[in-house]
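Participant: Structure in structure tokens, see below.
The values are calculated or read from the model by the stated rules, or taken from the named source; none is laboratory data. None of the values given here were measured: they were computed from a predicted structure. We place every Cβ from the backbone using ideal geometry, glycine too, and count neighbours over all the protein chains shown. Keep in mind that these areas ignore ligands, DNA and RNA; they rest on the heavy atoms of the full protein, side chains included. Shrake-Rupley method; radii C 1.70, N 1.55, O 1.52, S 1.80 Å.
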Amino acid sequence: MTKFSLFLGGALLAISSLSPAAKFYKWVDDKGVTHYDAQPPQGVNASEVNTRANASSDQSEAIEALEAKRSAAQKAKEAAATQAKEEQRLKTEPDAVAQERCEQHRKNLETLANKPTVRRKNPETGEMEVLDQEARDKMVEDTRNALEKC
């Protein structure tokens, strides 16, 4: 009896997986809106939608794009919050902020003067890049000008 039950259960499972899925139809109305329904409207050219297929082939790409968009929005939100906090701090503690900036300029000048290879993050690509001599000289000059104001 047990073997028969297993055989019958397996057969029913196999048959049920072969049964056709419900039919759904897709059409676009006069306003360009896409609709899906189990019954297509009269007089409209509707196409049948395959509901048994796996996820669409571009689903992973769409998910990645959505995650990238969400990540960029989150980074922009955080950057705006940091900028607002820094602006508020500049209003309430201008001397402390100026002193911190001067100290950072001193550290930057020391790095530019003493290290043979200096890298910085490219603001456009976000990748690290090695400074060429021309860019390095310009940064040294700009840093010295900033330190003169300190």
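Participant: From (1) out of contact with any strand residue (DSSP E or B) (no Cβ under 6 Å at 6 or more places or on another chain); (2) open to solvent by 60 Å² or more (accessible area, probe 1.4 Å), pick out the condition that doesn't hold for Met128.
Facilitator: (1)
Participant: Where in the range 42-150 are there strands (runs of 3 or more DSSP E), lying fully within it, with 2 or more residues that are free of Cβ contacts under 8 Å to residues at least 24 places away in the same chain and farther than 30 Å from Trp27 by Cβ?
Facilitator: Details: elements: 47-49, 119-121, 128-130.
Because the criterion is at least 2 residues that are free of Cβ contacts under 8 Å to residues at least 24 places away in the same chain and farther than 30 Å from Trp27 by Cβ, the strands (runs of 3 or more DSSP E) in the range 42-150 that meet it are 119-121, 128-130.
Participant: Looking at (1) modelled with pLDDT of 85 or more; (2) assigned to a helix (DSSP H, G or I); (3) among the aromatic types (Phe, Trp, Tyr), can you tell me which one Trp27 breaks?
Facilitator: Trp27 satisfies every listed condition except (2).
Participant: A further question follows. What residue, of Thr51, Thr2, Thr34, is among the polar types (S, T, N, Q), modelled with pLDDT of 70 or more and surrounded by 10 or more Cβ atoms within 10 Å (Cβ to Cβ)? Let's see the steps before the verdict.
Facilitator: Numbers: Thr2 fails: surrounded by 10 or more Cβ atoms within 10 Å (Cβ to Cβ); Thr34 fails: surrounded by 10 or more Cβ atoms within 10 Å (Cβ to Cβ).
Among Thr51, Thr2, Thr34, only Thr51 is among the polar types (S, T, N, Q), modelled with pLDDT of 70 or more and surrounded by 10 or more Cβ atoms within 10 Å (Cβ to Cβ).
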